[in-house]
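For reference, the structure is listed below as structure tokens.
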Amino acid sequence: MTDADPETRTLVLLRHAKAEQGSDAADDAERPLSARGNADAAAAGAWLAHHGLLPDVVLCSTARRTRQTWHQVAMGMTGSPPEGGPSGPRPTVRYEPGAYDAHPEELLALVRTVDPAARTALLIAHNPGISLLSALLDPEGVDEGLRTAELAVHRGPLGWAELGRSGAPLTARHAARV
């Protein structure tokens, strides 16, 4: 959707926005976003829209904070310039239990299942897996770690099923903060 070259695929990685602190490990998957997290996620959506990075497919962890992050990103994408932009067609959204607490190779396996016709995919997941996936995909392999509500944009010529190590250079990063 966003590139002139029909062979280019764009994968946007997003670490979920800031969540409330949990009382114990048992409720980790149910932690909601904080007020700042809600605002930062909407700002991330506005940035995506402003840069023409509207996803065809969204892969989202089933944890509450990632689902809420996606909701706020979607709301941010429907804003009006200069804050956001047109929302474009609605993406296919897949809530993936396997994205919670996943290793980078497991996240990559999810990405490889994206519809071959999709040009832009958004993966919303957790650290350390999402940061390590970004480093794995980039030929430079730099792992600076993604902060909450930070986006990493990777572009490459390979189809989703062929995507692998060093197959999609990092072309942009943006930490949404309001």
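Values for this structure:
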| read-out | value |
| --- | --- |
| Residue in region 28-56 that is nearest to Leu123 (Cα to Cα), counting only those that are surrounded by 17 or more Cβ atoms within 10 Å (Cβ to Cβ) and of a type in the set (D, E, K, R) | Asp56 |
| Residue that is farthest from the chain's Cα centre (by Cα) [pool: residues in region 119-139 that are in contact (Cβ under 8 Å) with a residue 60 or more places away in the chain and part of a loop (DSSP other than H, G, I, E, B)] | Arg119 |
| Among residues of region 137-150, those that are under 25 Å from Arg65 (Cβ atoms) and either surrounded by fewer than 19 Cβ atoms within 10 Å (Cβ to Cβ) or not aliphatic (A, V, I, L, M) (or both), counted | 6 |
| Residue that is closer than 17 Å to Gly45 by Cα and surrounded by 15 or more Cβ atoms within 10 Å (Cβ to Cβ), where the choices are Pro91, Pro104 | Pro91 |
| Residues of region 44-61 classified as aliphatic (A, V, I, L, M) and within 19 Å of Arg147 (Cβ to Cβ), total | 4 |
| Residue list for region 1-40, filter: closer than 30 Å to Pro169 by Cβ and modelled with pLDDT under 75 | Met1, Thr2, Asp3, Ala4, Asp5, Pro6 |
| Members of region 144-178 that are assigned to a loop (DSSP other than H, G, I, E, B) and without any contact (Cβ under 8 Å) to a residue 60 or more places away in the chain | Glu144, Gly145, Gly164, Arg165, Ser166, Gly167, Pro169 |
| Given (1) at pLDDT below 95; (2) closer than 16 Å to Arg177 by Cα; (3) surrounded by fewer than 18 Cβ atoms within 10 Å (Cβ to Cβ), number of the condition Gly76 does not satisfy | (3) |
| Residue count for region 79-111, restricted to those that are at pLDDT 95 or above and of a type in the set (D, E, K, R) | 4 |
| Given (1) at pLDDT 95 or above; (2) under 27 Å from Gly76 (Cα atoms); (3) more than 14 Å from the chain's Cα centre (by Cα); (4) surrounded by 14 or more Cβ atoms within 10 Å (Cβ to Cβ), index of the condition Arg177 fails | (1) |
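The values are calculated or read from the model by the stated rules, or taken from the named source; none is laboratory data. The shown structure was predicted, so the numbers you read here are calculated from the model rather than taken from an experiment. Every residue, glycine as well, gets a Cβ built from its backbone with ideal geometry; the counts of neighbours run over all protein chains shown.
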